[in-house]
Amino acid sequence: MRRIILKNKVTPKFKKKYPLVRKEDLNQDSDVTNPEQVSFFSENNQFIGYGYLGIQNKGYGWILSFDEEQPINSDLLKGILKNAIEKRKMYFQDDQTTAFRLLNGEGDGLGGLTIDWYDHYLVLSWYNETIYHYKKQMLAVLKEVLPEVKGFYEKIRFQSDTIDNSSFVEGQVAEEPLIVKENGVNYATYLNEGLMTGIFLDQKEVRNYLVDGFAAGKSLLNTFSYTGAFSVAATVGGSYETTSVDLAKRSIEKTEEQFRVNGIDPSSQKILVMDVFNYFKYAKKKELSFDIVVLDPPSFARNKKKTFSVSKDYGKLTTEAVDLINPKGHLIASTNAANVTIDKFTEMVEKGIVETGRKFSKKKTFRLPSDFEVSKNFQDGNYLKVLIYEIL
């Protein structure tokens, strides 16, 4: 087995079972395209763990086993999957929620791969080329551990000129749309339509908050609305009117479908294709205001005229949004930007509110839901930050 030497100065964090290997941790340049498992050692020949090298946005490789007696094999993968399934037992037993994350990468001990459950179909997302070489072995283990799975799909989240970014793999083809439930609400999903399926599963607790009465009797503006999932949740939860705004033309058709699969007439809601900043100007001109505004932009976006990044522009976005919120209304500020800490995000949002001259009170914070397992040894993996403020 190929030995990879890590610098002595970084070995203490790995002794605490930190799983991510970065380029600067390596004692020498190493071939990161070789799919073989490797053993990691310190410069003074201390065993650290078994893993692999494979470049992805987070780093250069992952350690999967810190036990010298347990190399990477089918037994290890089976154990990881069984543990992950046991942790999600409550989801498997809940007939009101039929879509959730089954395996959350390094949070469950398998960096580089996530697996999502969509009502007996699995979507595997491969984040680097090396872990993708374990596909055949992983599928065999999944079929053994979860024989009830009907079909397998995959998403390729690394750069490849030879593999489609979304593919049906094997088994039974899912109907389109595949209707899944979340807290009793229906969502139309498409398992083989690009990298996204129609719903972001990590926002389930925020949507449930809207369903459970937070939006009752209120108007809601949903910006960067994608397929309108927040708007649907709010309407099911008693919102008297929602407005969904997204720059993508497909958002109208997709959002209308999400309302229809819940028996809601889409024409009773407002769905607009528009740049969000342009919509803010339009809304101020028309003297529109809302009881709740949802901000959930992509971490980075570019259109013909401008670029947006959470780390630079979220404060300005907050200021524009708060100007449209009714007295004692609420702001739901969200980001999945892993490079922005919860403290930094809070600072940006609150500075943006202060710019409007209005007072505020933080009411609630959401992080990743329980199916998006976060390792206590790798808190970097807790990327989702959702803050709810009352605007006075």
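In this structure, does I80 turn out to be surrounded by 15 or more Cβ atoms within 10 Å (Cβ to Cβ), within 22 Å of the chain's Cα centre (by Cα) and among the aliphatic types (A, V, I, L, M)? Considered against the rule, which asks whether it is surrounded by 15 or more Cβ atoms within 10 Å (Cβ to Cβ), within 22 Å of the chain's Cα centre (by Cα) and among the aliphatic types (A, V, I, L, M), I80 comes out as yes.
For region 52-70, what are the residues that are assigned to a strand (DSSP E or B), open to solvent by 60 Å² or more (accessible area, probe 1.4 Å) and closer than 13 Å to F40 by Cα? Once the filter is applied, which keeps residues that are assigned to a strand (DSSP E or B), open to solvent by 60 Å² or more (accessible area, probe 1.4 Å) and closer than 13 Å to F40 by Cα, region 52-70 yields nothing. Counting only residues that are touching a strand residue (DSSP E or B) at 6+ places or on another chain (Cβ under 7 Å), closer than 26 Å to G49 by Cα and of a type in the set (D, E, K, R), region 99-122 holds 1 of them.
Scanning region 55-90 for residues that are basic (K, R) and assigned by the TED database to the domain that holds L139 yields K78, K82, K87, R88, K89. Scanning region 228-251 for residues that are in a helix (DSSP H, G or I) and open to solvent by 60 Å² or more (accessible area, probe 1.4 Å) returns V236, R250. Annotation note: Cβ proximity below 8 Å between a residue of region 361-387 that is of a type in the set (S, T, Y) and a residue that is open to solvent by 40 Å² or more (accessible area, probe 1.4 Å) and part of a loop (DSSP other than H, G, I, E, B) (sequence gap 6+ or interchain) occurs for S361/L392; S375/K17; Y383/N336; Y383/A338. Set side by side, the residues G198, G194 differ, and just one is open to solvent by less than 50 Å² (accessible area, probe 1.4 Å), in a loop (DSSP other than H, G, I, E, B) and touching a helix residue (DSSP H, G or I) at 6+ places or on another chain (Cβ under 7 Å), which is G198. If only residues of region 113-133 that are in a loop (DSSP other than H, G, I, E, B) and in contact (Cβ under 8 Å) with a residue 60 or more places away in the chain are counted, the one that is least open to solvent (accessible area, probe 1.4 Å) is N128. As a summary of the residue check, K143 satisfies the conditions (1) surrounded by 21 or more Cβ atoms within 10 Å (Cβ to Cβ); (2) without any contact (Cβ under 8 Å) to a residue 24 or more places away in the chain; (3) among the basic types (K, R) except for the one numbered (1).
Of the candidates L220, L210, the single residue that is open to solvent by less than 20 Å² (accessible area, probe 1.4 Å), under 29 Å from T365 (Cα atoms) and out of contact with any strand residue (DSSP E or B) (no Cβ under 7 Å at 6 or more places or on another chain) is L210.
Contact map, region 298-322: residues that are over 19 Å from L221 (Cβ atoms) and in the same structural domain as V349 (by the TED database) paired with residues that are open to solvent by 60 Å² or more (accessible area, probe 1.4 Å) and modelled with pLDDT of 90 or more, Cβ distance under 7 Å, separation 6+ or inter-chain. Pairs shown: S299/N336; N303/L247; S311/N339.
Within this structure, T356 passes the test of being in the same structural domain as D275 (by the TED database), farther than 30 Å from W62 by Cβ, in a loop (DSSP other than H, G, I, E, B) and in contact (Cβ under 8 Å) with a residue 24 or more places away in the chain. Taking K285 as meeting all but one of (1) in contact (Cβ under 8 Å) with a residue 24 or more places away in the chain; (2) open to solvent by 10 Å² or more (accessible area, probe 1.4 Å), write down the number of the exception. Of (1) in contact (Cβ under 8 Å) with a residue 24 or more places away in the chain; (2) open to solvent by 10 Å² or more (accessible area, probe 1.4 Å), only one is false for K285: (1).
K344 meets the stated requirement of being under 30 Å from F14 (Cα atoms) and open to solvent by 70 Å² or more (accessible area, probe 1.4 Å). Being in a loop (DSSP other than H, G, I, E, B), farther than 16 Å from P71 by Cα and either touching a residue at least 24 places away in the same chain (Cβ under 8 Å) or within 30 Å of the chain's Cα centre (by Cα) (or both) is the filter here, so list the residues in region 1-30 that pass it. K7, K16, Y18, R22, S30, listed by residue number.
The set of residues in region 140-163 that are of a type in the set (G, A, S) and under 20 Å from G105 (Cα atoms) contains only A140.
The values are calculated or read from the model by the stated rules, or taken from the named source; none is laboratory data. If you're wondering where the values come from, they're calculated on a predicted model, not measured in any experiment. So basically every Cβ, Gly included, is an ideal-geometry build from the backbone, and we count neighbours across all protein chains shown. Areas reflect the complete protein model, heavy atoms only, side chains present, ligands, DNA and RNA absent. Shrake-Rupley method; radii C 1.70, N 1.55, O 1.52, S 1.80 Å.
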